Amino acid sequence: MKSSPTSLEQIFEAQIQALTLTLRPSTVVQYQSTVRCFLSYLRTAFPQVRRPSQLHRDPHLLGWFRSLSERQPPLSNKTRINHLIYLRRLLEDLAANGHSVPLDLIRREDFPPQPHYLPRPLPLQVDQLLQQELRRTDDLAANALLLTRATGMRIGECIDLPLDCLQQMGPEQWALHVPLGKLHSERLVPADLEIRRIVERVLVLRVSAPPAHLAKSQGLLLSRPSSRHAFYQALRQALAQTAQRAGSGHVTLHQLRHSFATEMLQLGVSLPALMQLLGHKDIRMTLRYALVSQQDLQREFHRARQNATHPHRLPTLALPKDIPSASLPGIRQALGATRHLLEMFRRQLSDQKTRRKLQRLDKRLLGVVSQLQGIHTEDK
């Protein structure tokens, strides 16, 4: 019979092994790093602590928090936040699995302030020059970078695109299937003619790739010369060289995603739609990617003021030009348009009594349309 773990190291390691079934390997490594950091502190400051039940908020956890903030070179707030999140998750899981773990060891007030990142889109001229240079280069790396810029994908998602990522959703409707990524979710990104052209160019370049590269990239759109990490580094280098030729200065891979988000917002895409395009689960993350300029604020403000001035603006529904207005079909068409406008107006009203009156009026118009249909049938 297998014995249960007896030391803190063994207990934490067993819990981390349980997490490997649901977490990415890179995330598991981060949990292991946090545990090493925490246990190293305990061995130095409190060597007598050997069981979870012996842990106390003061002095064990509070002492560890202080040690994190006093590290040299200093740890970033994000790194410290991650350490607290990972250790809290492990302690909660241990308690749920029957270990005697004191409650409330890590509290909300223990977390340092979240770093506030400003969006970092490329300036418009730099963005245009960079894309022009990528199109001129026209190799596999350049087209991979263009695809990232055109879709707003994470560079890791682009590297992992499947060979059949381009899918037709309907007549003249295409989408790029982005597989499970950073947030364990997949999505479909609408693909216009430019995106489809880039994918087709990648497929052409893929055919001429060395057999060894294709063997390592079976089922993937982008053939890689060696490992995934090496391909990521090659794309970083290709972007740096392209930016240098374009005179764009230093450009990072993630700035392509920031530029896409800001461009979509400036073109009128709503924040909820942009959140879906970027594959976010929280609208606050989307706001970190999209730069809201003064021009955007002016446009949205004046649009809202116009809507306030005309709260019941009705859409214009023109009659087909090939139907004479004096004919029975033309009259039925006009009545159909009237019913449509009436319903649009009714939905904007908050007074339920008036809404019911308009609904009764619509039924009368429907009766008129039916009678006209009967007259038209009799005349044939």
- Query: Among all residue pairs at least 6 apart or on different chains, which show Cβ distances below 7 Å where the first residue, located in the stretch 208-222, is among the basic types (K, R) and the second is crowded, with 18+ Cβ neighbours inside 10 Å?
  - Reply: K216/R224
- For the stretch 16-31, indicate whether the set of residues that are closer than 21 Å to G63 by Cβ and either surrounded by fewer than 15 Cβ atoms within 10 Å (Cβ to Cβ) or over 33 Å from the mean Cα position of the chain (by Cα) (or both) is non-empty. no
- Task: Would you be able to tell me the number of residues in the stretch 231-255 that are modelled with pLDDT under 90 and crowded, with 16+ Cβ neighbours inside 10 Å?
- Result: 1
- Cross-chain or 6+ apart pairs with Cβ under 7 Å, the stretch 32-45 first and in the same structural domain as L84 (by TED's automatic domain parsing), then among the β-branched types (V, I, T) and part of a helix (DSSP H, G or I): Q32/I16; V35/I16
- Note on the structure: Condition set touching a residue at least 24 places away in the same chain (Cβ under 8 Å), part of a loop (DSSP other than H, G, I, E, B) and within 13 Å of the chain's Cα centre (by Cα), scope the stretch 243-289, selection farthest from R136 (Cα to Cα): answer is K281
- Note on the structure: Being surrounded by fewer than 11 Cβ atoms within 10 Å (Cβ to Cβ), modelled with pLDDT under 95 and part of a loop (DSSP other than H, G, I, E, B) narrows P74, P47, P102, P5 down to just P47
- Query: Taking the stretch 304-354 as the search range and keeping residues that are surrounded by fewer than 10 Cβ atoms within 10 Å (Cβ to Cβ) and of a type in the set (V, I, T), which one is modelled with the lowest pLDDT?
  - Reply: T316
- Message: Let me confirm something: among H60, H56, which residue is surrounded by fewer than 16 Cβ atoms within 10 Å (Cβ to Cβ) and either among the hydroxyl-bearing types (S, T, Y) or under 21 Å from P112 (Cα atoms) (or both)?
- Response: H56
- Query: Could you say which residue among D58, D93 is assigned by TED's automatic domain parsing to the domain that holds T20, more than 22 Å from T27 (Cβ to Cβ), charged (D, E, K, R) and assigned to a helix (DSSP H, G or I)?
  - Reply: D58
- Note on the structure: (1) touching a helix residue (DSSP H, G or I) at 6+ places or on another chain (Cβ under 9 Å); (2) part of a helix (DSSP H, G or I) all hold for S26 apart from (1)
- Task: For A150, indicate whether it is crowded, with 20+ Cβ neighbours inside 10 Å, touching an Asp or Glu at 6+ places or on another chain (Cβ under 8 Å) and touching a residue at least 24 places away in the same chain (Cβ under 8 Å).
- Result: yes
- Task: Please state which one of L166, L203, L180 is without any contact (Cβ under 8 Å) to a residue 60 or more places away in the chain and under 13 Å from the mean Cα position of the chain (by Cα).
- Result: L180
- Message: For the stretch 6-56, give me the residue count where each residue is of a type in the set (K, R) and closer than 15 Å to L90 by Cα.
- Response: 2
- Message: Quick check on A240: is it in a helix (DSSP H, G or I), closer than 18 Å to A142 by Cβ, touching a residue at least 60 places away in the same chain (Cβ under 8 Å) and in the same structural domain as L278 (by TED's automatic domain parsing)?
- Response: no
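The values are calculated or read from the model by the stated rules, or taken from the named source; none is laboratory data. All of these numbers come straight from a predicted model, not from anything done at the bench. For neighbour counting, all protein chains shown are included, and Cβ atoms are generated from backbone atoms with ideal geometry for every residue, glycine included.
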